[in-house]
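For reference, the structure is listed below as structure tokens.
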Amino acid sequence: MSLPFLRSNKNYKGATDYENNKILRVQPRNACVEIIYDNGGKVSIYTPMIEESLRTTAYSRSKLDWIIENELLEYTRMVMDGTLQKYLDSIDDISQKRLRSYTKRLAERFPQNIAEDIAREMLMYD
């Protein structure tokens, strides 16, 4: 596995370790997430490089921050299997649909520009 944001110790043999060995611990350390495997292998994921490479909006960035804080194992899994950007894109798609729906309902009572502002604000707190 040749990913620039991964650093591993000598026991890590590549993708097969990730797929076949049990993860004992995932822990945050100094802008990295360390994955400790049951075979003694260790992988460090440099999170700033990952975050810089992602296309995010305010909505997906908020969700990304939440996942890093609350679901570190899930974040690690999505980084390792390459599905993090797809997940964030789906968050953006859902947010856009909700934004249009909220705006449409609010526009019945408010001018369009105010309805859009209120809808955006509502999404920030979902």
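Pairs meeting the criteria (first residue in the range 36-53 and outside the structural domain of Gly82 (by TED's automatic domain parsing) and within 12 Å of Val79 (Cα to Cα), second residue assigned to a strand (DSSP E or B) and charged (D, E, K, R), beta carbons under 6 Å, at least 6 apart or on different chains) are Ser44/Arg7; Ser44/Glu34.
Here is a yes/no grid of residues against (1) over 19 Å from Ser90 (Cα atoms); (2) of a type in the set (Ser, Thr, Tyr):
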{"site": "Cys32", "(1), (2)": "yes, no"}
{"site": "Ile35", "(1), (2)": "yes, no"}
{"site": "Asn39", "(1), (2)": "yes, no"}
{"site": "Pro48", "(1), (2)": "yes, no"}
{"site": "Ser53", "(1), (2)": "no, yes"}
{"site": "Leu64", "(1), (2)": "no, no"}
{"site": "Ile68", "(1), (2)": "no, no"}
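Look at Ile114 and say whether it is in a strand (DSSP E or B) and surrounded by fewer than 18 Cβ atoms within 10 Å (Cβ to Cβ). For Ile114, the condition - in a strand (DSSP E or B) and surrounded by fewer than 18 Cβ atoms within 10 Å (Cβ to Cβ) - is not met. Figure legend. Inter-residue proximity from the range 83-95: first residues more than 12 Å from Arg61 (Cβ to Cβ), second residues aliphatic (A, V, I, L, M), beta-carbon distance below 6 Å, spacing 6+ or different chains. Indicated pairs: Leu84/Met78; Gln85/Leu54; Tyr87/Met78.
The values are calculated or read from the model by the stated rules, or taken from the named source; none is laboratory data. Quick caveat: nothing in here was measured; it's all calculated off a predicted structure. So basically every Cβ, Gly included, is an ideal-geometry build from the backbone, and we count neighbours across all protein chains shown.
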